[in-house]
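For reference, the structure I am asking about is given below.
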Amino acid sequence: MAQVSEVDPAKLAAARAAVALVQDGMRLGLGTGSTASVMVRELAARAEAEGLRLRCAATSKATADLAENLGLRVEALDAIGWLDLTIDGADEVDGQLHLIKGGGAAHLREKIVAAASDRMVVIADPGKVVETLGAFPLPVEVLEFGFETTRKLIRRALEGLELGGRDVMQRLRGSDPVITDEGNLILDLHLGEIPDPVALARALSAIPGVVEHGLFLGMCDLAIIGRPDGGVTELSREADLDADMLAAEGDRDGV
Ligand code: 5RP
């Protein structure tokens, strides 16, 4: 299979287990990020070896380029219409399979693609599994128009949820603003902990300049957590979190 020696074994294990779910003829959503790119490589290798006929919608330009270069058939989401399965990474996963996504600034397209899928499978290393969401700064994609006004409204919404005083930072690359594939800006909300993700999601979605936030609630059907030994642990929505996995939370390796 593809580039085994260069790849984090936990990510590779999760990616391979997810790619094993793919069947001939499927319409697939391809996620974004380092774990998703391992999956795309594994998928392309399997598709070539087995002659799988797949139709893929990508969640970012970067993923579309990678997948096309590897010989996968990438089409516009609207051309495919509906997807059987989306496989994507995540920045945090809790025991209810609520997610924080958007570390790669792609959560808008990722959410649209996941919402158009029968099934969303998340692949991750153990450092992504948390008891409570929020240590990873929550990405919020916002319009450039009225950017500072939107930031104020977000701060006000956080105060209403007893999350006031937290940093709401514009994401930069060097000294330049990060611009998403849709031409928008990103605010990262350094919350520390999100006690009520549903209330926060609702409050953010009610702000006009917010295009999309990175909370994925009730969207993920299965999380496949790869382990460094090459095994995987599968988390379903009701599953208790594995204590060892929580202990490994500090293992996060660069998103
Ligand atoms: C991109 C995402 C990614 O799925 C998330 O950031 C995880 O990335 P990685 O696999 O590189 O840790 O949401 O917007």
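The values are calculated or read from the model by the stated rules, or taken from the named source; none is laboratory data. The structure presented is a predicted model; accordingly, all values stated were derived computationally and were not measured. Every residue, glycine among them, receives a Cβ derived from its backbone with ideal geometry; neighbour counts consider all protein chains shown. The area values use the complete protein model at the heavy-atom level, side chains included, leaving out ligands, DNA and RNA. Shrake-Rupley method; radii C 1.70, N 1.55, O 1.52, S 1.80 Å.
Quick one: what Rg and Dmax do you get for the chain from the alpha carbons, in Å?
17.8, 54
Just to confirm the number: angle between the C-alpha axis of helix 9-19 and the first principal axis of the chain, 0 to 90 degrees, nearest 10?
Result, in degrees: 70.
Which whole number of Å³ per residue matches the convex hull of the alpha-carbon atoms in segment 68-123?
Given the Cα convex hull of segment 68-123, per-residue volume reads 98 Å³.
Note down the Stokes-Einstein diffusion coefficient of segment 138-207 in µm²/s, whole number, using a Kirkwood radius over alpha carbon pairs, 4 °C, and 1.567 mPa s.
In µm²/s, the coefficient is 104.
Roll a 1.4 Å probe over the protein chains and send me the accessible area per residue for segment 138-207 in Å².
With all protein chains present, segment 138-207 gives 55 Å² per residue.
Kirkwood Rh over alpha-carbon pairs of segment 1-121, then Stokes-Einstein at 37 °C and 0.692 mPa s: what D in µm² s⁻¹, rounded to an integer?
232
Give me the one-decimal nm value for the distance between modelled label points at LYS152 and ILE112, 7 Å along each residue's Cα-to-Cβ direction.
Roughly 3.0 nm, to one decimal.
Grab every C-alpha pair in segment 1-63, bin the distances at 5 angstrom width from 0 up to the longest one, and report whole percents.
It works out to 4, 19, 31, 26, 16, 4, in whole percents.
Another question, then. Sort out for me the Cα centre separation of segment 46-63 from segment 147-225, rounded to whole Å.
Taking the Cα centre of segment 147-225 as reference, the centre of segment 46-63 is 30 Å away.
Quick check for me: using +1 on Lys/Arg Cβ and -1 on Asp/Glu Cβ, what's the dipole size of the chain about its Cα centre, in debye to the nearest 20?
About 620 debye.
For the chain, give me the percentage of DSSP beta bridges that are antiparallel, rounded to the nearest 5 percent.
Of all bridge pairs located within the chain, approximately 60 percent are antiparallel.
For the residue pair LEU172 and LEU143, what label-to-label distance in nm results when each label sits 7 Å from Cα along the Cα-to-beta-carbon direction?
It is 2.6 nm.
Mean residue ellipticity at 222 nm from the helices of the chain, using -39,500 (n - 2.57) per DSSP H segment of n ≥ 4 over the full residue count, to the nearest 500 deg cm²/dmol?
Taken over the chain, the calculation gives -9000 deg cm²/dmol.
Where the accessible area of segment 80-127 is counted over protein heavy atoms with a 1.4 Å probe, how much of it, in %, is carbon and sulfur? Please list the in-between numbers first.
Numbers: 540 of 1060 Å².
Summing carbon and sulfur atoms, their accessible area is 51 percent of the total for segment 80-127.
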